[in-house]
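Undergrad: The structure that follows is given in the form of structure tokens.
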Amino acid sequence: MFRRVPPLKRINKASSNISTLGSSIVNAINHSKSTTPLLSNYYSTIAANENNSSTLPVKSTDILIVGGGPAGLTLAAAIKLSPNLKHFKTTLVDAGNLSENLPKFHNLSSSAYMTNRVVSITPQNMDFLTGDLNLPLQFNRIQPFDGIYVSDGLNDTSRMAMDRESMGNMVELLNIQSSAYMKLLELNANNNTNPIEIADNCKVVDIVKPSTTNATANGVENTNPWPYVKLDNGETYKTRLLIGCDGFQSPVRKYAGIETRGWFYNEWGVVATMKLEYPPFNHIRGWQRFLPTGPIAHLPLPGDWATLVWSTTPELSKLLVSLPSNVFSKLVNAAFILEDGDMQYYYRKLSDAAVDKRIFDEIIEDIDYRIEVKSQQLINKNNSDMYYVDENYPPPIKDTLEKSRARFPMKMFHADTYVAPRVCLVGDAAHATHPLAGQGLNMGLGDSKSLVSVLEKASSRGLDIGSVDLCLNDYWKDRYGTNMMLLGVVDKLHKLYGTRNEVVVGLRQWGLNVVNNLGDVKEFMMNVVSGRK
Amino acid sequence: MFKRSFSLTRIQHIKRLQSSSSSVPKYSTSFLNSNVSKTTARRSTSFLNGHPAAIDTSNKVNPDEKSHFETLAPTWWDSKGSQRILHLMNLARMDFINEILRNYKVQLNANNSNGSKNDIDTDLYIPRFTTSVFPTEIKKNIENELNAAIYKELQKSELTVLDVGCGGGLLCESLARLPFIKKIDGIDMTPAVINIAKQHQSLDPVLAEKLTYAVRSIDEQKGQYDIVTMFEMLEHVDDPKEILISGWEHVKSNGGILFLSTINRDLISWFTTIFMGEYVLKVVPLGTHHLSKYINSREIIAWFKEMYPLSHEVLQVKGTMYIPGKGWVNHDCSNVGNYLMAIQKK
């Protein structure tokens, strides 16, 4: 029996451990490099009774969840908490070192460091996490925000402020993961008859469907056989229901032969954790500016922390990640206030081969100067309102947390269906979206909630939960429409703001101003973003 | 006069009801009890009691029915095939059984038998119709707590079930997967469907222990059960009265429940189950149903009143209707069309 060395680096310093943890998770979830290639034929068959290459006997389970990310772990917690489902034998498989890393994160005594993988959670989903699941989230690491301020990168006057109290909450992914994991441990400690089995540090190597003939002694054809899941530690599980919470590359989805439709945007997102000059004193809100290269978003975290998601071209993203942190922080400030022309000048200068400390210092000085000039201009233009800049622009950044910068590709994908015989997909395995509207994990949590209620109904009716026709189809029917709508809207927004075409730009700027003044339309948009129906 | 009516005993009350000439129409048990069966008259005499004996009464199975089900056996478990409507009906049956068990078989006592207190204090139990005045959060919490307590109590019971006319085992398998069911015996008179049932049972390991099938008539079956079910079965036998009597004998007294479902004998039933079902939409295999064999829900209720006046209680009767694309939908007109019934033995 051999165990794979987990892909996370072990570093002594606690701070960099957390941030590398965060960025490693980013890489693991979104990069393709970490998955081993699967067998090219999806339906490689083995006879049910044949001895596997491993000498270990096949373990049997009812529900096998592949993937211990936020979607998988919250789904597992929901299943173990449900009176109708807790009698099912449940197993969760993840390639990462959950048993070591998640409790460590959970027991952090201070919020001195924030990880770079942060998502916005709608109030409905927060109720799900805190109410239905009663997860021990670390609330000192969660920041509710009261609105979103959207502006156009090509025009200062085109903007929209969507204000609503507690419109969303900024939560670190690790916070959700670790609290769900601790909840599972707590449930295991209380319920000794059917604890959930968490197999971490195990990668899924292969999933096979046994051949349908000779399935039973009676010679009757098994039209819906149990899939066999092989792990890299030599163990094999056969399961009644296989749930894929295994991210964009989803081996489970590939096993089921489900196609996805979508595209990669020619864009990469740079994430970073930032320290502000001062904590915001008027509104705690999210800021998003649609630059021609892609949206830049500044989202609040507790205290004087904030998180950044800057979607831009692949070349620029590489550049941004490689810059020294003081230059990077200045650039972020500049991106929110200065003109597109200024930004282009900086990109050009920094892309030159011969950059050195002198050039960096020059640029920092230049940015400071221009921001000063621009701020004064804005104040003068607006009735000498001293607080104009503070009201309409995000609080300036002092510095970026070391090693918190990472980048990942932006894409939009949707699986054709979420269910197949004995298989269902949840979260990123089923859909991927641009983060500009903060909907990704919200869709995933909505999926978990819906799947649990569908399984509960099927279980109360004594059905085989792996049957597509009478059980799993209801889940797909419930979620597909909503997710498709959200994916479509986010994609169109992205396309709308991704163009430099003058006509479109003019229209959208005018449109944004109009919507800013139309209460009902804004109300509707806020409802969509904050998850209210 | 006033004083006297209050001092009537229970038996006298019932006799009064039966013999009074009140304006409430009395549905006669004579339909069930008579010797001659008239096919279309709604209140013809002695339907149940007077079925002409089947060709071979010792077997108590009509050979036409038997051969009909034999041809259906291979596709029984194809949920998109000819028996799809039965698969959908199974969902409605399970919901009905769950509802009845939760409402009538679960006692939420403040004190358990060993003196320890339950989690729920029943003094705080609020009937469903008033929870709607609460904000949704609180209402949700109350319902969740109540559901959890009911489910916990239900888990403690270990019920035994006899499914008469189990067919391919749709209901048996569904019941066998419920944790609070301890044992299920499924019997049917058609060997082909029992074979299919056994074969399908072998595909799911969780069904191995609790479930047994046999080709056996209900008279030959021995034992008493917490639950006896006769779904979609009474309209296929030649002498339903005997089946009912025998089935009732197999129900444990002091709380056992008999579940049955069949179809009312009226024009609407003919229209929906035979005309639309078998000829037009073809969702029911041709020749499955015969109008003359349908039984009205009122006849069964009246018959029980006559046969077992003190030892039965009709817990619920629900009409149900198939809507293509949606499935089986329950409604309150239990005198028309298909219906489900639950009767408890005291």
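What follows draws every value from the coordinates through simple rules; no lab data is involved. Here the structure is a predicted model, which means the values were calculated and not measured. Methodologically, a virtual Cβ is constructed for each residue, glycine included, from the backbone with ideal geometry; neighbour enumeration extends over all protein chains shown.
Undergrad: Can you figure out the FRET efficiency of A:Thr499 with A:Asp304, using R₀ = 35 Å and their beta-carbon distance, to the nearest 0.05?
TA: 0.45
Undergrad: Step through the residues of region B:156-169 one at a time and calculate ³J(HN,Hα) from phi using the Karplus curve (6.51 cos²θ - 1.76 cosθ + 1.60, θ = phi - 60°), rounding each to whole Hz and writing x for Gly and Pro.
TA: So the Karplus estimates, Gly and Pro as x, are 6, 6, 10, 8, 10, 10, 10, 9, 8, x, 6, x, x, x Hz.
Undergrad: Right, another one. Divide by every residue of chain A the summed helix terms, -39500 (n - 2.57) for each DSSP H run of at least 4, and state the resulting mean residue ellipticity at 222 nm, rounded to the nearest 500 deg cm²/dmol. Present the calculation step by step, with values, prior to reporting the outcome.
TA: Working: 15 runs with 204 residues, N = 533.
It lands at -12500 deg cm²/dmol.
Undergrad: Tell me, in nm to one decimal, what length is gained between A:Thr482 and A:Ala354 on full extension, where the rule is 0.36 nm per residue of separation less the Cα-Cα distance?
TA: Net length gain for the segment: 41.1 nm.
Undergrad: Rounded to the nearest 0.05, what FRET efficiency do B:Lys252 and B:Asp64 give with R0 = 35 Å and r taken as the Cβ-Cβ distance? Could you check?
TA: Details: r = 34 Å, r/R0 = 0.98.
My answer for the efficiency is 0.55.
Undergrad: Across the Cα atoms of region A:163-262, what radius of gyration and what greatest pairwise Cα-Cα distance (Dmax) are found, in Å?
TA: 19.0, 66
Undergrad: Moving to a separate point now. Going 7 Å from the Cα of A:Asp368 along its beta-carbon direction, which residues of region A:276-310 have the amide nitrogen within less than 18 Å of the resulting point?
TA: A:276-278, by backbone N distance to the label point.
Undergrad: Rounded to the nearest 0.05, what FRET efficiency is calculated for A:Tyr278 and A:Phe139 with R0 set to 22 Å and r the Cβ-Cβ distance?
TA: Working: r = 23 Å, r/R0 = 1.03.
Once rounded, the FRET efficiency stands at 0.45.
Undergrad: Under 8 Å for C-alpha pairs, at least 6 residues apart: give me the relative contact order for region A:417-533, rounded to a whole percent.
TA: Rounded, it is 25 percent for region A:417-533.
Undergrad: Simple spin-label model, 7 Å along Cα-to-Cβ: B:His331 to B:Tyr104 in nm?
TA: 2.4
Undergrad: Using alpha-carbon positions, what is the distance between the centroids of region A:314-340 and region A:128-147, in Å?
TA: 31
Undergrad: Based on Cα coordinates alone, diagonalise the gyration tensor for chain A, multiply each eigenvalue by 5, take square roots, and list the semi-axes in whole Å, largest first.
TA: Ellipsoid semi-axes (Å, largest first): 44, 24, 22.
Undergrad: Oh, and also: Once Rh for region B:189-322 is found with the Kirkwood sum over Cα pairs, what is the Stokes-Einstein diffusion coefficient at 20 °C and 1.002 mPa s, in µm²/s?
TA: After rounding, the answer is 126 µm²/s.
Undergrad: Strictly over 26 Å apart at the Cα level, which of B:Lys210/B:Lys305; A:Lys492/B:Lys326; A:Lys403/A:Lys449; A:Lys86/B:Lys105 would you flag in this model?
TA: B:Lys210/B:Lys305; A:Lys492/B:Lys326; A:Lys403/A:Lys449
Undergrad: In whole angstrom, and with the biggest value first, how far do the Cα coordinates of region A:132-214 range along each principal axis?
TA: The principal-axis extents, from largest down, are 70, 39, 23 Å.
Undergrad: Another question about this same structure. Test of understanding: ordering A:Leu81, A:Leu98, B:Leu340 by Cβ neighbours within 10 Å, fewest first, what list do you get?
TA: A:Leu81, A:Leu98, B:Leu340
Undergrad: Right, next: In chain A, which whole DSSP H runs stretch at least 18 Å along their own axis (Cα) and average 1.0 or higher on the Kyte-Doolittle scale?
TA: Flagged H segments are A:325-337.
Undergrad: What is the spin-label model distance, in nm, from B:Ser292 to A:His87 if the labels are put 7 Å beyond Cα along the C-beta direction?
TA: Going by the 7 Å Cα→Cβ label model, 4.5 nm.
Undergrad: Also: With labels modelled as points extended 7 Å from the Cα through the Cβ direction, what inter-label distance (nm, one decimal) is found for A:Glu259 paired with A:Asp361?
TA: 5.9
Undergrad: Shifting gears a bit: I need to check one value: relative contact order of chain A, counting alpha carbon pairs closer than 8 Å and at least 6 residues apart, in percent. Mind dumping the intermediate values first?
TA: Details: 1001 pairs, mean separation 106.3, N = 533.
RCO, chain A: 20 percent.
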